[in-house]
Each structure stands twice: as C-alpha cells, then as structure tokens.
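The block underneath contains the structure these notes are about, expressed in structure tokens.
The values are calculated or read from the model by the stated rules, or taken from the named source; none is laboratory data. From a predicted model like this one, the values you see are computed outputs, not experimental measurements. Cβ placement follows ideal geometry from the backbone for every residue including glycine, while neighbour counts extend to all protein chains displayed.
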Amino acid sequence: MRVLQQQSSSQQSAVSTSADDNGDRCGASFSASSSDSDDGVPLSARITNNRSATNGKSSLRRGNDDSGSDSDSMPLSKLSVDPRAKRANDSSDSESDQPLSNKVKAPKKTTNGSIATTTAVKRAKREIVSPKDAKKAKMAPTLKAAPATAAIDKKPRIKKDTATPAANAASRRGSAAPLASKIANRKPSIKAESSVTAPSQDGSEDSDNEEFKWWLENKDNDGPKWKSLEHFGVLFPPEYEPHRIPLSYKGKPFKMHSEVEEVATFFAALVGTDHGNNKVFQDNFFSDFKELCDKHHAKHPIKEFKSCDFSSIRAHLDGQSAKRKAMTKDEKETSKKEKMLIDEKYGFCMLDGRREKVGNFRIEPPALFRGRGAHPKTGMLKKRVLPEQVTINIGENAKIPDPPPGHKWGNVIHDTTVTWLAMWKENINGNTKYVFLAAGSSLKGQSDMKKFDKARNLVRCIDGIRSQYTKDLRSDIMAERQRATALYLIDRFALRAGNEKSDDEADTVGCCSLRCEHVTLEAPNIVNFDFLGKDSIRYERTTEVDKQVWKNLRLFQKAPKTKNDMLFDRLTPTTLNKHLQTLMPGLTAKVFRTFNASFVFQNQLANTPANGTEAEKILAYNRANREVAVLCNHQRTVSKGFQGQMTKIEDKLLAVRYQRKLLKSYLLEVAPDLKKKHPEIAKSEPGLTAKWIKSFLLVTCETDCDKARKKFERDNEKLKEAGEAAIPESKLAAQIAEINEREKSIKNGTYTPELPVSKNTHTDKILEKISKLTERIANIEVDKIEKDENKTTALSTSKINYIDPRISVTWCKKYNVPLEKIFNKALREKFTWALDVDSTWSF
DNA sequence: ACCGACACTTAGGAACTCTGAC
DNA sequence: GTCAGAGTTCCTAAGTGTCGGT
C-alpha cells in the first residue's frame, strides 16, 4: 500500500512564470477570490494495486431530460421533492436535499448487430472559443512556441478526393528522382544529440539541411500539416504457409483447409495463456472457427470447442520457435540484414523534403482479437487486410507506391491536413487503423510540444479555475454542481474524462461515466473509488475529499438512483469540455492530467539531494516519476520471478556486507587505533546473522565444487584439442576434498573465513577496499528499493506521455546528471525539441 | 442536439536485444 | 559461451476530443 502525497493548492499556486510565456492565456476572468477554499483537504490517499475486478454493467443509462420540470438549468430548489430523497440530518446543506431526476432513461440499444460498431451515445457538440478569444490567442506574442489554444487547434476539415486513374497518372508523371535513392541518401532530419546550433529554416523543400529545428520556427499551426510527402506505402504480412498438421477432434485427426488451419494455429499459440483460458475468448474464437469450417468443408465433424485438441499444432509451433532460437550466428545476421533492408525502405519518408521516420508501416497481420479486460468480442478473428482495403495518403506529385502484384489500393488521396500515410479499417470494431510518423518525427514533436505548452498555460489559470469550481460546488443548478464536482475529481485525482461506451466494449469508466456503485462514502468526508478504468485497470483509492464534494457525491447517489445509475447524470465530457473552453481556450479534461503530472513531478524533484551521489539523485528522480505514475494509476503486473529476484538481490547485498565485515574485523584486529579516525569500521553489519553466514558459506562450497568440476572439464577439453595430456582426475579429487573439509569445518563451527585481501596488505589499501564495498552496497540498496517500489507501477507511461521533458532536461542541467541516465535513445529522439532549455526553465 | 466518422494520444504487455556475471 | 535479467522496441487496444451532416 502506498501513500500518495499530492501537492497542496498553496503549493500549486506558488509557481514561477518565465519570460517566454504568453501572458494572455486564460479566457475567463474569475469573480471568486483567488484563494482556494480546498486548502483544508488533506490529499493523501491510499492506493492498492489490485487489478481486474468485475463490475456489473449499468442497466440504466444517462437520463437526458426532455421534461420541462426537471431541466438541468432549473434551480434545484424549484424541483419537486421526492420524500425518499429527503435526508433527515443535514440541515446545513439545504441544496443537497433536492431530488435528482426521477426519470432515468432506459439503456440505448445497440441497433446494429453487425461487426462495424456504433458507439451508443457519443455526445459531441463542438464548441470552441469566441472569435474574440481566438483572435486574442493568435495575436499573443510567440517567441519559442505558439500558445496552445483552441483557435489554433482548430483545423479545416477537407473532403478527401478519390484518386482517379488520371490523377494517379499525373502524380506519377510528376515524380522526379527515384524515391528509393532520394530517401535512402538522406539522414533523418531530426537528430537527438546534436551539437549543431544551425539557424532555423522554413519548412520548405530544403533537403540538404539535416538539422531541422522546427521548434525554433514561428510556424502557423493552423495551416496544412505538410506540403510534400513521399513514401513507400505499407508492408503486408507474409501469406500463410500451411503446415498440414491436423487438429485432433475427439481423438480423430481433422485435416483442415489452409484458411481454417491458420485460425486453428492462432488459437494453438494461445493455449495455456490467459486469453486461451478465457471462456469468452474461446467462445468467440470457436464461433468464427466453426463458420470457417462450414465455409471450407462441406462436411466436418467440428461441433464443440472442448473436443478440439490443439496440442499437435502447438508442438509444431514450439518446434518452430526452438528452431528460431537455435539459429546460427550467420543465419541471425542474414535475418537481421533482411529486416534492416525493409526498415530502410518502408521506415522512412520524405516530408517537405526532409527524411523522417515512419512509425508502424506494417499492416497488422490476421490474428485473434485480444481485447483487454472483459471485452465481449475478445477472441474473434481479426481478418487479413487486403491492399484493396487500404487508403494511401501521399503528396500530389509523389510517385504512388506499387500495391502488391495483382492488387490495387483501395484509394489514394492527397490530404495535407492530416498526418497519416495510410489507413484501413479493422473488422472487429470497425476502428480505423493509421500509419503515422514515428514518435521522434517533427509532426509528432510539434503536437507534443503544443500539448505541454497548453498544460503549462493551465499553471497560471488553475487558481481561478479552482476558485470557480469550488464556488460551483454549491450551485443551485444541478448540472453546474455535478460539473464542479466532476472537475474537482479530475483535477485532484487525475481521472480521465470518461466518454460513454457501447455495450460491445469492455465495461470501463472514467469520471463522467462513473456509476453510483463505483463510489462509497464514509462520514464525514471519506470516499472510496473502485472502478475499472482504461484497459480495465482497477482504480482503487480511499481518500478524504472536500466536505462539500462529499455531500454532493451523497446527493448524486440518492434514491431513486440505484447502484447501476450514472453518478453524474447531468454531465457529459462534451458539456464539461465546453465549459472548460470558457475558462481557458483549448482547455479540455485531459489537459488536467498532463498539467498535474508535470506539476507534481516538478515539485517532487525538489527532494533531490544536491550533494548526493549520482545514484541517489537518480533515485530521487525516479521517486518523483513514481509519484506521477501512482497519481495517474499507471500499473503493471508483477513479474513472475519477482520474489526470487528480490531474494537474490538481498543475498547479493548480504554477501557484500559479509566481505566488508571480514575486512573491518581484520582492521580492528591489526590496527585498533584506526577506529578513532574511521569510526565506521567499528559498526556492525545489519542483517548478517550467524545462520545466514553459515548457509551462505555452505552454498559457496557447493558453487566452488561446481566451478572446480567445470574448470577441470573445460581445461581438459582444451588440452585434448591441443593433443596434450589431460589433467589427472586426482587433481580434481584433491580440490573437492579440500572443499569438503571446509564444508565440514563450517558445519562444526571451526571454520576461519578467508580474508578478501592478503595478510600483508597495507591498511590504507584495506580502507580503500572497504570504501569501494560501501559504494557497492549503496548501489545494491538503491537497486533493491527501486525494484520493490516499481513492482506494480509502470514509470514509462508517464515519462513518455505526461511529464514535460523540459523539466527533466532542466533537472539534469541543475544537478549535473547526464541526460542519458534518465532518457534512453528513443526518448532523447522524441524530445529533441526540449533539449535546448536552460537550467532556469520552469513548468 | 445528436450521431457517426475521424484523427490523434495514451496504454500495457509481448517480443526482442543488450549486458554483465559466471 | 551461456544465462538471467534489464532495458528497449514493437504491437495494437483503448482512450479523448473534433468535425460535418442531419
């Protein structure tokens, strides 16, 4: 169980503002005082990492009021009072005595049984900023980066043209140099570790400049995303190669058509895994499998899943995997080269004349859909994608990539307002899959920087926003009160917005879609949240909240609502975001997560020991990172070997401590005066019990025996190869006998341990050795702490997506820690735009 | 106001690769 | 050279939020 310390609001308001900020960013003025009335709320919260609970799905959906008497805008006091809703003992809270809507609409039925899903209720009414705000935002001075505003976010949506053969031919005619050589001959335009401070350049076709620092540009974010785009399209997975191994059905072999066999093989690969054991997965798989059997076999015996035996196919797969593992060095080299050739071809494109990395250029191969959590469609067959289903997006003058022989592209378009290179639809949920540029590309970098700048804008609007919602917590209008309460939860606990989901998806929720059953209240102000969030990760937390928030939550849960009803029945992410846009241009619910993550991180970094070792500084960094990961509920499953690994580290630690103990005892014996100058040598070693030492020494005997045997065999092998006489067995026997003697003396307590240094070593040398061991011990201890603390928490997600990289860069500069210690190569590439900030930058 | 389509970000786990101890 | 474990990359599911049409 971990304790999360969140920043207090007073901390949050004490933020510095740097000179390159745009001043004019908050779109609303606040009449309420700037002091946050939440100050009194202790924000410690207990988090447990239990995963994957099952929650009942709501039978009742959000009640949309059509009735005039129960409208959102009507003051609560005017609503009719349901006697069941009346609370007897809360006279101080007159507003909360008002009833909620008595009507809750019946669930929306999914009208469509087909695979192409329709989202049941997706409220999306777009609203942005007033023209005035948009204008204001555009006029704001831009030094380093343009402010992120809704106005800037807005992009014109153009109709996609269908590529006519004539247009395609024209495109081909327009292509100048062969693309392969053009792309291959250029290095990526974005370099992570650049020492070059080249002047910025415009985004036009200036191919020779390798260091394109787009972040130094004053680019208009409103325009098209690119001017020219050339690429090789997508790579299709190889055709299925049948193995002809029959499925065993009721003990009898069933020879399958290759299409049927392919699907059986998909399942065979998952036998014994969580998916393979999941009943829904099995049922969905079997239903699709049987359909294929019907299609390809006029007569077949397949009737029930439980009579299918996939073990022969599985054995074949295991054999293949073993073969792959046993590949020779040359074979591995060849396969690596083949992969590199493919990566070189499809992995890069030319964007506005610059070579940029493409992300996922591979078309997803057919497979069984692995939905997460209790996904009703998990196990269904995800079909093979054909070129005819793929749309290519490419520059008008670029050569259109060749589709695989005998095929043609579904469509070819030239849409400069989007960033994808190719797109197709998958058959399970009807979702669109895109091929985008890689994370380190200029396009991704630009939107990343925009995202963090927007979150940074919130730093200076947050006090006003908090005052506003704190005031609204007592609003007479139910919709407003719900909105304020939800906003409090989003702000304080980093909850996601919580869009409504359809019945053919896993039952997961976010803030707006919370149901009454997900929140348990305990007087006077304790709340327990327990629900499945994104990816069916359980969010379980008990915490104190603002007293008024607690009262509101109680009000929102009141009868006639039942546990399956929406907690916030007058609120949707759309209405919430619409409101947020009035408080700050471009503000949406998700910005709070980015803002709070970065803000908490920056505050936590203040705990870095300025005079500590590098390892200690990095530990402080990772701890700050962990606070954020806990706040955002980024979890991971505990690895299988975790406990064993911890025991190993513990033993390693004790073994080093034992070495140090021996040296210290020796020093005390030969130079007792030393302890005046070096009192640490008189200190005992924690954790070193006589029992542990004995068992450690005995294990050492065992391993020494093994080592001696292995060395003996190895040496003889070498001698044999050289044609020389072998070492006699007696030599090994003598060694073993010596070890056995040692073992005996350990057992009967007469053993005198050997010193890790020779007897006549100078005391200075021994002190030096002790200090090295001390350093080693400190490092192992840090490792141990980190390992334990990271057991169920994934740090990478927040590092990649939520923490402004400029905070990390600044920290490295301030504490003199090399950036490579905290950002790996991929992160350094992703965040090139952030590397130039100086050590005084603050979020 | 509502809906589906769309475009993009965020997410955890599997697969693969590197590294250091033996 | 082998192996385990750490670190990294790949894969693709699952979110959020916007847009145009009705």
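Report yes if A:ASN716 is outside the structural domain of A:ALA737 (by TED's automatic domain parsing) and either closer than 30 Å to A:GLY533 by Cβ or not in a loop (DSSP other than H, G, I, E, B) (or both), otherwise no.
On the way: outside the structural domain of A:ALA737 (by TED's automatic domain parsing): no; either closer than 30 Å to A:GLY533 by Cβ or not in a loop (DSSP other than H, G, I, E, B) (or both): yes.
It is false that A:ASN716 is outside the structural domain of A:ALA737 (by TED's automatic domain parsing) and either closer than 30 Å to A:GLY533 by Cβ or not in a loop (DSSP other than H, G, I, E, B) (or both).
Which pairs do you get when a residue that is acidic (Asp, Glu), found in the range A:398-426, comes within reach of a residue that is outside any loop (DSSP other than H, G, I, E, B) and within 16 Å of DNA strand B (Cβ to nearest atom), reach meaning Cβ atoms under 9 angstrom, with the pair 6+ apart or on two chains? Matching pairs, first to second residue: A:ASP415/A:ASN393; A:GLU426/A:LYS382; A:GLU426/A:THR432; A:GLU426/A:LYS433.
May I ask you to say which residue of A:HIS407, A:HIS375 is surrounded by 21 or more Cβ atoms within 10 Å (Cβ to Cβ) and in a loop (DSSP other than H, G, I, E, B)? Break it down into steps so the answer makes sense when it comes.
On the way: A:HIS407 fails: surrounded by 21 or more Cβ atoms within 10 Å (Cβ to Cβ).
Every option except A:HIS375 fails the conditions.
The residues of the range A:427-442 that are out of contact with any helix residue (DSSP H, G or I) (no Cβ under 9 Å at 6 or more places or on another chain) and either free of Cβ contacts under 8 Å to residues at least 40 places away in the same chain or near DNA strand B (Cβ under 9 Å from one of its atoms) (or both), listed by number, are A:GLY430, A:ASN431, A:THR432, A:LYS433, A:TYR434. When the range A:378-404 is filtered for residues that are within 11 Å of DNA strand C (Cβ to nearest atom) and either out of contact with any Phe, Trp or Tyr (no Cβ under 9 Å at 6 or more places or on another chain) or in a loop (DSSP other than H, G, I, E, B) (or both), the ones remaining, listed by number, are A:THR378, A:MET380, A:VAL385.
Is there a residue in the range A:631-638 that is under 17 Å from the mean Cα position of the chain (by Cα) and in a helix (DSSP H, G or I)? Looking for residues that are under 17 Å from the mean Cα position of the chain (by Cα) and in a helix (DSSP H, G or I), one finds at least one in the range A:631-638, hence yes. Checked across the range A:754-765, the condition of being over 21 Å from A:THR613 (Cβ atoms) and either within 13 Å of DNA strand C (Cβ to nearest atom) or hydrophobic (A, V, I, L, M, F, W, C) (or both) holds for at least one residue. Checked against the criterion of being within 16 Å of DNA strand C (Cβ to nearest atom), among the β-branched types (Val, Ile, Thr) and at pLDDT 95 or above, the range A:451-468 contains one or more residues that satisfy it. Is it true that A:ASP530 is part of a helix (DSSP H, G or I) and under 20 Å from A:VAL630 (Cβ atoms)? So A:ASP530 fails the test.
For the range A:499-509, the criterion of a residue being outside any loop (DSSP other than H, G, I, E, B), touching a residue at least 60 places away in the same chain (Cβ under 8 Å) and closer than 27 Å to A:PRO376 by Cβ is satisfied by no position. Restricting attention to the range A:668-724, which residues are at pLDDT 80 or above and small (Gly, Ala, Ser)? Within the range A:668-724, A:ALA671, A:ALA682, A:SER684, A:GLY687, A:ALA690, A:SER695 meet the criteria.
Looking across the range A:661-705, the residues that are over 18 Å from A:TYR751 (Cβ atoms) and of a type in the set (A, V, I, L, M) come down to A:LEU667, A:LEU668, A:VAL670, A:ALA671, A:LEU674, A:ILE681, A:ALA682. Restricting attention to the range A:662-677, the residues that are outside any helix (DSSP H, G or I) and aromatic (Phe, Trp, Tyr) add up to 0.
Once the range A:429-450 is narrowed to residues that are within 30 Å of A:LEU368 (Cα to Cα) and not aliphatic (A, V, I, L, M), the residue that is farthest from DNA strand C (Cβ to nearest atom) is A:GLY430.
For the range A:315-347, the set of residues classified as more than 13 Å from DNA strand B (Cβ to nearest atom) and in a helix (DSSP H, G or I) consists of A:ALA315, A:HIS316, A:GLY319, A:ASP330, A:LEU341, A:GLU344, A:LYS345, A:TYR346, listed by residue number.
Report, by residue number, each residue of the range A:510-538 that is within 15 Å of DNA strand C (Cβ to nearest atom) and over 18 Å from the mean Cα position of the chain (by Cα).
Here is the first cut: in the range A:510-538, the ones within 15 Å of DNA strand C (Cβ to nearest atom) are A:510-515, A:518, A:529, A:531-538.
A:CYS511, A:CYS512, A:SER513, A:LEU514, A:ARG515, A:HIS518, A:PHE529, A:PHE531 - these are the residues of the range A:510-538 that are within 15 Å of DNA strand C (Cβ to nearest atom) and over 18 Å from the mean Cα position of the chain (by Cα).
Listed conditions (1) among the small types (Gly, Ala, Ser); (2) surrounded by fewer than 21 Cβ atoms within 10 Å (Cβ to Cβ); (3) under 25 Å from the mean Cα position of the chain (by Cα); (4) on the phi < 0 side of the Ramachandran plot are all met by A:ALA624, apart from (2). On the stretch given as the range A:807-822, residues that are within 16 Å of DNA strand B (Cβ to nearest atom) and over 12 Å from A:LEU605 (Cβ atoms) total 3.
Among the residues of the range A:410-428, which ones are within 16 Å of DNA strand C (Cβ to nearest atom) and part of a loop (DSSP other than H, G, I, E, B)? Full working, then the answer.
Restricting attention to the range A:410-428, the residues satisfying the condition of being within 16 Å of DNA strand C (Cβ to nearest atom) are A:413, A:415-428.
Residues satisfying the conditions are A:ASP415, A:THR416, A:THR417, A:VAL418, A:THR419, A:TRP420, A:LEU421, A:GLU426, A:ASN427, A:ILE428.
When A:THR797 is tested against the conditions (1) modelled with pLDDT of 90 or more; (2) away from DNA strand C (no atom under 14 Å from the Cβ); (3) of a type in the set (Ser, Thr, Tyr), the lone failure is (2).
Every residue in the range A:266-285 that is without any contact (Cβ under 8 Å) to a residue 40 or more places away in the chain and part of a helix (DSSP H, G or I), please.
Going through the range A:266-285, the residues without any contact (Cβ under 8 Å) to a residue 40 or more places away in the chain turn out to be A:272-274, A:276-277, A:279.
A:ASP274, A:GLY276, A:ASN277, A:LYS279 - these are the residues of the range A:266-285 that are without any contact (Cβ under 8 Å) to a residue 40 or more places away in the chain and part of a helix (DSSP H, G or I).
Rundown of residues vs (1) basic (Lys, Arg); (2) at pLDDT 80 or above; (3) out of contact with any Gly (no Cβ under 7 Å at 6 or more places or on another chain), yes/no style:
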position: A:GLU738; (1), (2), (3): no, yes, yes
position: A:ARG742; (1), (2), (3): yes, yes, yes
position: A:ASP764; (1), (2), (3): no, yes, yes
position: A:LEU767; (1), (2), (3): no, yes, yes
position: A:SER771; (1), (2), (3): no, yes, yes
position: A:GLU781; (1), (2), (3): no, no, yes
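Close contacts from the range A:806-829, counting a first residue that is in contact (Cβ under 8 Å) with a residue 24 or more places away in the chain and crowded, with 20+ Cβ neighbours inside 10 Å and a second that is of a type in the set (A, V, I, L, M) and in a helix (DSSP H, G or I), with Cβ to Cβ under 6 Å and a gap of 6+ residues or different chains, come to A:ARG806/A:ALA834; A:VAL809/A:ALA834; A:TRP811/A:LEU605. Whether any residue in the range A:277-292 is charged (D, E, K, R) and more than 24 Å from A:GLU426 (Cβ to Cβ) is what I want to check. Within the range A:277-292, not a single residue is charged (D, E, K, R) and more than 24 Å from A:GLU426 (Cβ to Cβ). Restricting the range A:574-603 to residues that are within 9 Å of DNA strand B (Cβ to nearest atom) and of a type in the set (A, V, I, L, M, F, W, C), the residue that is surrounded by the most Cβ atoms within 10 Å (Cβ to Cβ) is A:ALA597.
Comparison of A:ASP453, A:ASP476 shows that the only residue that is in contact with a strand residue (DSSP E or B) (Cβ under 6 Å, 6 or more places away or on another chain), over 30 Å from A:THR391 (Cα atoms), touching a residue at least 12 places away in the same chain (Cβ under 8 Å) and of a type outside the set (Gly, Ala, Ser) is A:ASP476.
Within the range A:591-649, which residues are acidic (Asp, Glu) and touching a Pro at 6+ places or on another chain (Cβ under 9 Å)? Spell out how you get there, then give the answer.
Of all residues in the range A:591-649, those acidic (Asp, Glu) come to A:614, A:616, A:627.
Within the range A:591-649, A:GLU614, A:GLU616 meet the criteria.
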